[in-house]
1. Rounded to the nearest 5, what % of the DSSP beta bridges within the chain are antiparallel ones?
2. What is the total of Lys pairs in the chain with C-alpha atoms under 16 Å apart, excluding same-chain pairs fewer than 8 positions apart?
3. With charges only on Cβ, +1 for K and R and -1 for D and E, what is the dipole size of region 258-310 about its Cα centre, in debye, rounded to 20?
4. I'd like the accessible area for Arg177: 1.4 Å probe, protein heavy atoms, all chains in place, Å² to the nearest 10.
5. Tell me, what is the percent relative contact order of region 31-162, built from C-alpha pairs under 8 Å that lie six or more residues apart?
6. Tell me, what is the percent relative contact order of region 10-75, built from C-alpha pairs under 8 Å that lie six or more residues apart?
7. Around Ala194, with a cut-off of 10 angstrom between Cβ atoms, what is the net charge of the other residues, counting Lys and Arg +1 and Asp and Glu -1?
8. Just one of [x] 21.5; [y] 20.3; [z] 23.1 is Kirkwood radius over Cα pairs in Å as worked out from the coordinates here. Which one is it?
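The values are calculated or read from the model by the stated rules, or taken from the named source; none is laboratory data. What you are looking at is a predicted structure, and each value in this text was computed from that prediction instead of being measured. Heads up, the Cβs are rebuilt from the backbone with ideal geometry, glycines too, and the neighbour counts pull from every protein chain shown. Protein only, heavy atoms only, side chains kept; ligands, DNA and RNA dropped before computing areas. Shrake-Rupley method; radii C 1.70, N 1.55, O 1.52, S 1.80 Å.
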Amino acid sequence: MLAPAAGQGAQVDLAASVETWLERVCGHLGLGVQEPHRGERAAFVAYALAFPRAFQGLLDTYSVWRSGLPNFLAVALALQELGYQAVGVRLDSGDLLQQAREIRGVFRTAAAQFGVPWLQSVPIAVSNNIDEEELARLAQKGSEVNVIGIGTSVVTCPRQPSLGCVYKLVSVGGQPRMKLTEDPKKQTLPGSKAAFRLLGSDGSLLLDVLQLAEEPPPQAGQELRVWPQGARESRTVRPAHVEPLLRLWVKQGQLCEPLPSLAESRAFAQQSLHRLSPAHRRLEQPALYQVALSEKLQALVDRLSARGAL
């Protein structure tokens, strides 16, 4: 429940108001009301309830056009009925300049359609590894981008490449969770996992396999059925050797064992690179390194994906 901004009047069920607005927004955008993702909308509503005066929507969590944008508009319009104004949206992938132009166009038509003038000038923020060239493009005349977030390129330079890492939630209260998105590259794998490298009798790399942490590890000489990522069918492998790839170094902020020296880390990295085939190591169009999922992990991915798509 949320009270009007003026502090007077009865509290309103924001979630119910959002669902009413969603139907109108989807009609305006030519979408079915079932297309915007319910989980994303629930997150937007929770954010709006916690920060009604600072509501900003990240539009590309699942799909900018079929989910993020209509969900944001439904929540923003429900908030404005209570006297609150959304502070903006953020884009974090794709052609940021073009998306900003198209989204601004939608804001203008929606502002006219629903009689909400302030909506046409809602600030659009962008981020996603922005360097000097992209900054110049986003700041050009006629750009609809209002805020540009620069992170990595502030503290690194092109001659000193950075390693981009993102933490993703994979479990809540012991229950596996995964991020759903239209872009397969951004979809996460659920649950706590273990990883193993499967080797042939001559020491050659067969593939790496990811499995749930509670599964028994693969055994040398035993046939194993796996699902290569991106493939539609499973395959069987019989490794001659199995190497665990994950090792616990930090738990609850404490080191579990002494860290290796720089020389040891360097030697390990060089050894690992040397085992890759030339096709994987070439700078231009390297061969895709094969990673597979265990049957149990693949089944969990399929089950959560189907549940989230409902």
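1. Counting DSSP beta bridges with both partners in the chain, the antiparallel share is about 65 percent.
2. So the count works out to 7.
3. Here region 258-310 has a charge dipole of around 20 debye.
4. Solvent-accessible area, nearest 10 Å²: 110 Å².
5. Dividing the mean separation by the residue count of region 31-162 yields 19 percent.
6. The value is 43 percent.
7. -1
8. Comparing each candidate, only [z] matches the computed number.
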